[in-house]
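The next block holds one structure in the form of structure tokens; read it before the comments.
What follows draws every value from the coordinates through simple rules; no lab data is involved. None of these values were measured; they are calculated from a predicted model. Here the Cβ positions follow ideal geometry from the backbone for every residue, glycine too, while neighbour counts run over all protein chains shown.
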Amino acid sequence: MPRSLDVLEQELRTLSRSEQEALLRVLLEELDGPAEAGADAAWLEEAERRSREIDAGTVHCIPAEEVFAKVDALLKR
């Protein structure tokens, strides 16, 4: 018989931080389903493309602090 959610939550709290993180990764993978074929290669290609654009100066980078400040301002409206 499966354990209740309450029992699982109690057991979760007894795990070490690294065990909790490992469990979270497993749960997220389970919820997301299998990765699409070629997804890792596509992300690598995208990262390399963006890196080339930055190196070539064809894009303008915005510091994260500035982006987060703008988001905070928009959310406070």
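Calculation over all alpha carbon pairs of segment 1-75 in 10 angstrom steps from 0 returns a P(r) of 14, 20, 24, 29, 10, 3, 0 percent. Placing unit charges on each Cβ (+1 for Lys and Arg, -1 for Asp and Glu) gives the chain a dipole about its Cα centre, and among Ala22, Pro2, Leu75 the Cα reaching farthest toward its positive end belongs to Leu75. Helices in the chain, meaning DSSP H runs of at least 4 residues, each add -39500 (n - 2.57). Divided by all residues, the mean residue ellipticity at 222 nm is -23500 deg cm²/dmol.
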